[in-house]
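Remarks on the structure that follows.
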Amino acid sequence: MKIVTNYLEEEEDMQVLLEGLKFVRRLGIAPAFTRFGSRLFKRHLPGCTHLDMETEEYWECTIRFLTFTLFHYCGTAKMGPSTDPAAVVDPQLRIPTGNTNAPVTMVAEKGAHMIRSYWAEASMTPPTTNANNNNDEL
């Protein structure tokens, strides 16, 4: 399985980032910042060394080089019976495949709800250890 993020697929996305970069570069050389030693980083980034740093082409190259995610790829995970081919999680929280943050969080929330419901229906509180640390009663 390959996840296609389509980062910067739309030209407008690149233009917004280029405008933001221009603003930040102007801000970085403003007197309010330069009095504290602010200066522009004057080294070419790998993959963009063939371009002049003062061109929009160079900055587009650096944006493409540095754009990536720091988060887990995730999406929705449908819960349903084992007979539903679109369901990836069943009511007993069994997940056939996957290892993303969102399904784990969803399963944990569902599990917590199931535990709360069990104890609410049983009109009991969960057992605890006694003062002598005798766990036989658990």
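Annotations for the structure displayed:
- Looking only at the stretch 1-47, and only at residues there that are basic (Lys, Arg) and part of a helix (DSSP H, G or I), the one that is farthest from the chain's Cα centre (by Cα): 26
- The selection criterion, being surrounded by 10 or more Cβ atoms within 10 Å (Cβ to Cβ) and assigned to a loop (DSSP other than H, G, I, E, B), does not hold for residue 50.
- Residue within the stretch 57-78 that is assigned to a loop (DSSP other than H, G, I, E, B) and modelled with pLDDT of 90 or more present: no
The values are calculated or read from the model by the stated rules, or taken from the named source; none is laboratory data. As the structure is a prediction and not an experimental result, all values here were calculated from the model. For neighbour counting, all protein chains shown are included, and Cβ atoms are generated from backbone atoms with ideal geometry for every residue, glycine included.
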